[in-house]
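Working notes, beginning with the structure itself.
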Amino acid sequence: MFDLIDALLFDDDFVQLWEPQYDAIAHDEAEYQSLVQAVRKDVDSIGAIREATLRRILEWKSARTKGHVHWWNYGLYIETVRDCLSMHGDDRLDAICKLPGVRERVGSTILHFIYPDTYPIFDIRTLEALRYLGADLGKSFSVNNYYRFREYLISTQVVLNRWTLRELDRAIFAFHKRSPEIFGATLGNGRRAQSTTHPYYCPRSGA
């Protein structure tokens, strides 16, 4: 468990502005929702995540990670996920990150699909955006930094309770992606991304 943080980094208007823009950027929501259902079925039936489902999760999050997973010893992954289901919440990420090929960002993603309402996905864009919005977070992708990152997002969701954790994540991701004026985003070919026609949200000015 953790203490809620009394520091609202953004408000309902922020989510209303940015969350709908996510689908024009990522085009992955259908697969996300399908994975939530697939993981739920796996956990309900075998108490773990099937290999085929984990392959889909990694393809969705970070396809290159698949080359580092020890698929020939997948029983270890099943055993670890089963252990996580019986663990105290603050121990789960540490445990899952001991698996070959799984670090904090991928580990948080696996846990998110098991617990979509309590484990946000640790992502560079989300982390950078929260830091910009005033979160007292480090730059590292460490387990300790993740738990602080998680505290900020869960605390915000408790206040902005009309939105799910996924919807908050979508809004923050879109804010970062559509704000090259702030984050210096570039396109795949190295050109700078074009500015959005929407005013970017600046908590320091209230704009």
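Each Lys and Arg contributes +1 and each Asp and Glu -1, all at the Cβ; summed about the Cα centre of region 59-158, the dipole is approximately 360 debye.
Spin-label pair L85-L4: with each label point 7 Å from Cα along the Cα-Cβ axis, the two points sit 3.0 nm from one another.
With the contact rule set at Cα under 8 Å and sequence spacing of 6 or more, what percent relative contact order holds for region 1-157? Kindly include the intermediate steps, with their values, before the conclusion.
Working: 142 pairs, mean separation 42.0, N = 157.
Reported as a whole number, the value is 27 percent.
Between R148 and D94, the modelled label-to-label distance comes to 1.8 nm, taking each label 7 Å out from Cα in the direction of the beta carbon. Annotation for H70 and S45: the two label points, set 7 Å from Cα along the Cα-Cβ direction, are 2.7 nm apart.
For region 1-101, the list of chymotrypsin sites (Phe, Trp or Tyr not before Pro) that fall in a loop by DSSP and count at most 16 other C-beta atoms within 10 angstrom reads F2. Multiplying the residue separation of T118 and A24 by 0.36 nm and subtracting their alpha-carbon distance yields 31.3 nm.
Here, each number is a calculation from the coordinates, and none is a lab measurement. What you are looking at is a predicted structure, and each value in this text was computed from that prediction instead of being measured. Here the Cβ is made from the backbone with ideal geometry for all residues, glycine too, and neighbour counts use every protein chain on show.
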